[in-house]
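Each reported figure results from applying straightforward, stated rules to the coordinates on display, with no laboratory input. Values in this document were obtained by computation on a predicted structure and should not be read as measured data. All Cβ positions, even for glycine, are placed from backbone atoms using ideal geometry, and neighbour counts span all protein chains on display.
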Amino acid sequence: MNGTLLTQRHFRSLDSDILLLTTPKSGTTWLKAIVFALLNRSCYSEPGCPLSEDEEANGRVDEILRLCSFDNLSKLEVNQTGKLELGFENKFFFRKGEVGDWVNYLTPEMI
């Protein structure tokens, strides 16, 4: 407590300082990612439109939709193999995507 009070007395903020404040367990990883994106977005130019007419005509939208689809993302090797440090396999973080499949995993007591 004394160290905190001493630090407060000698702290001098700058105009360029950024304070990140959040409640505990509110997703600090995402908060840091959002702040990083906000601070660095000026490094990249805004094209003015999402895709050019040529890109749309050449099927770029369909390719983006295919790459971002549940089927494609769930089949990526990185999502099917490997383990976290705690021993959980990566594949456990993905569901099958079947409606009503929960009945195979949850008992009536769990519902």
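List of remarks:
- Region 8-13 - phi-based ³J(HN,Hα) in whole Hz, Karplus 6.51/-1.76/1.60, Gly and Pro as x: 4, 5, 9, 6, 10, 7
- Rounded, prolate or oblate (a/c below 1.5 giving rounded, otherwise prolate when a/b exceeds b/c) for the chain by Cα gyration tensor: oblate
- Of Leu19, Thr4, Ile34, farthest towards positive along the dipole that unit charges on Lys, Arg, Asp, Glu beta carbons give the chain: Thr4
- By the count of other C-beta atoms within 10 Å, a proxy for reagent exposure, Ser26, Ser74 are ordered fewest to most as Ser26, Ser74.
- For the chain: lysine pairs under 21 Å (alpha-carbon distance), excluding those fewer than 8 apart on one chain: 5
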